[in-house]
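Okay, structure first, notes after.
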Amino acid sequence: MPPITELTRIEPVYLERLAKQGVFTTGILLEVSETPTRRQTLADHVGSTTNDVTTWRDESLMLNLAAFGPAEHRMMIQAGVEGLRDILGLEPDAFQERVVRGARELGLDPPDDLTIEGWWHQARTLEEE
């Protein structure tokens, strides 16, 4: 599980507050924010809003996709894909085009088609109700 310090949409003050709550990884963040009630409780404990927690959760879900690491995260950010919701908002071909474009803009080799397709399907599996 990636550390929460890899989240790009979280302010440093909240990283410190989350650490005091024992939230060091994206996996723990996902666990403690699993339900709307838990999201509100976490927001209350760290002095943020539930919208903040939902945003952190969205990016955490993306960071926990299979075969996903720091290079892939940079690639997604370059492609304008900041979290699971952005993936869910794209059709498979459009998602693939963005990922490939992001990789090329960064001078990276794009992931193979099967990996990109797998991320898109995983996002559908993780889609929250």
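Coordinate-derived values only; no laboratory data. Keep in mind it's a predicted model, so treat the numbers as computed, not measured. A quick note on method: Cβ atoms are made from the backbone with ideal geometry, for glycine too, and the neighbour counts reach across all protein chains shown.
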A chain fully extended from residue 94 to residue 127 at 0.36 nm per residue, minus the present Cα-Cα distance, gains in nm 10.1 nm
Within segment 4-63: Cβ-based charge dipole about Cα centre, in debye rounded to nearest 20 (Lys, Arg +1; Asp, Glu -1): 120
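Summing -39500 (n - 2.57) over the DSSP H runs of n ≥ 4 in the chain and dividing by its residue number, what mean residue ellipticity at 222 nm do you reach, to the nearest 500 deg cm²/dmol?
One gets -19000 deg cm²/dmol as the mean residue ellipticity at 222 nm.
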Show the residues, 5+ positions off or on another chain, whose built amide H is closer than 5 Å to the amide H of residue 25. 4
Expressed as a whole-number percentage, the relative contact order of segment 70-126 with C-alpha contacts under 8 angstrom and at least six residues apart is 38
Rounded, prolate or oblate (a/c below 1.5 giving rounded, otherwise prolate when a/b exceeds b/c) for segment 4-63 by Cα gyration tensor: rounded
With label points set 7 Å from each Cα along the Cα-to-Cβ direction at residue 31 and residue 115, the distance between them in nm comes to 2.8
The chain: radius of gyration and largest Cα-Cα distance (Dmax), Å: 14.8, 42
Where the centre of each part is set by its Cα atoms, how far does segment 63-129 sit from segment 1-42, in angstrom? 22
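Between residue 9 and residue 41, what length in nm is gained on full extension when 0.36 nm per residue of separation is reduced by their alpha carbon distance?
Extra length from residue 9 to residue 41 when fully extended: 9.6 nm.
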Label point 7 Å beyond Cα of residue 16 along Cβ direction - residues of segment 43-79 with amide nitrogen under 16 Å: 46-48
